[in-house]
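We did not get these values from a lab; they are worked out from the coordinates using the rules stated. Here the structure is a predicted model, which means the values were calculated and not measured. When we count neighbours, we look across all protein chains shown, and the Cβ atoms used for this are built from the backbone with ideal geometry, even at glycine.
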Amino acid sequence: MASTTLPRVASMLAAAVLLVVVACQKQAPTPDTAELAALSALPLAAPAPADNPGTPAKIALGRALFWDPVLSGGKDVSCATCHHPANGYADAIELSIGSNGQGLGTNRHFRSPNNIPFVKRNSPTVLNAAFNGLAADGSIDPASAPMFWDLRAQSLEAQSLLPIASLEEMRGPACSEAAALDSAVARLRRLPAYGTMFSSAFGGTAPITATNVGKAIACFERTLVATDSPFDRYRRGDNTALTAQQVQGLQAFVTSGCAKCHSGPMFSDYKTHVLGVADNAKNPVSDAGVNGAYAFRTPSLRNVALTAPYMHSGTIRDLAGVLNFYDPGRGQAPSANAHVSVGQRDPLFPGRVTDPAAIIAFLQSLSASSYDRSVPASVPSGLPVGGNIQ
């Protein structure tokens, strides 16, 4: 009796040990504590550089300029054309259509005849762009904040002026790139309403300058912040703000390696990386990014669910497609760009994307509900608000 019982007990113990081992193997990896802690809530307000503090007069002027197509060479495009609140302050299309365009968002198209190309890259949202450069320790220098996919501008003040001189964005064929800002300033100076607004905002005898245009738009854009996302509320102590699946997704986001580049409160390291993202066929030539190396800046994931399509080329339609791109085990090949070899790509993370459905649920928790969606009834030029967007 004893001789038959002992082997049976031993067999049962071995099976139990095996079950424990298997159970342990199936447990989710433990997130890196430091990376998890770095994904913190946003401040409630965005800081301004010392030489451009926000004032009600400057914000009101910047709001008017943001929505007024008078800044564009053809008086048909405003900042809001490609950064509209209806589209999360982006434009909902792969590559933006600026000059010679008509309509808003997915309804936007070129007017005919067309001699203007698409904007070269996907339009990033300006919502929370005032927090660009915000580090995990809370430090930020708004005067050197990184902007654009290729980091070609630092600060909102510098960024806001470049589209005015861009052929495909706002300038059109009306003047040369070198003359674009002077031309825009001349148009503003012919409008008495802007003379009053600039004097109120900046004082002096001749306040309508390109520098002050950039400063005013930047002051307005610093009010376009969204800081009450479920994730922010969760990080501020409301443990009910995220669902169980979203908490699981947060952990999977870290263990899958996403937080190695999408780090800190803005979910960006603000660095450029070579990913091998597919070119957009609407561009006549391949977009080689920074220094011809096919490197592009890590975008913020704040409000990411509002700003599809994704990547600098706008070639990935949804968040599931983004995760498929990063996971070499499914979806696209390791390099979707013929100009980028597998060896040239940055080593993003070591393993597969774990629990993509939970990660997507978590990414949706980064979208805030309270931010300025208002559209002015008119602009000082009397032109259509937002440009040709109807």
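The length gained on full extension between A293 and A305, counted as 0.36 nm times the residue separation minus their Cα-Cα distance, comes to 1.5 nm. Annotation for F148 and A179: the two label points, set 7 Å from Cα along the Cα-Cβ direction, are 2.3 nm apart. Less than 5 angstrom separates the built amide H of Y294 from those of G289, all sequence-distant by 5 or more or on a different chain. Using the Karplus relation 6.51 cos²θ - 1.76 cosθ + 1.60 with θ = phi - 60°, the per-residue 3J(HN,Hα) values for the range 237-249 come to x, 8, 5, 8, 5, 10, 6, 4, 5, 5, 5, 4, x Hz, with x marking Gly and Pro. Overall, the ratio between the Cα radius of gyration of the chain and 2.2 N^0.38 Å, rounded to two decimals, is 1.17. What residue among V185, V285, V213 shows peak mean-square fluctuation when the chain is described by a Gaussian network model with Cα springs under 10 Å? Its mean-square fluctuation being the largest, the pick is V285. Evaluating 6.51 cos²θ - 1.76 cosθ + 1.60 at θ = phi - 60° for every residue in the range 372-381, the Karplus couplings come out as 5, 10, 6, 10, x, 6, 7, 10, x, 6 Hz, glycine and proline recorded as x. Placing +1 on the Cβ of every Lys and Arg and -1 on the Cβ of every Asp and Glu, with no other charges, gives the range 56-221 a dipole of roughly 500 debye about its Cα centre.
Rounded to the nearest 20 debye, the dipole magnitude of the chain is 360 debye, with +1 charges on Lys and Arg beta carbons, -1 on Asp and Glu beta carbons, and the Cα centre as origin. By the rule of a C-alpha distance below 24 Å, with chain neighbours fewer than 8 residues away ignored, the lysines paired with K120 are K75, K271, K282. Proximity of backbone amide H atoms, modeled 1.01 Å from N, is registered between H84 and Y89, A90 at under 5 Å, excluding neighbours fewer than 5 places apart on the same chain. Tell me, in nm to one decimal, what length is gained between A37 and S370 on full extension, where the rule is 0.36 nm per residue of separation less the Cα-Cα distance? Full-extension gain reported as 117.4 nm.
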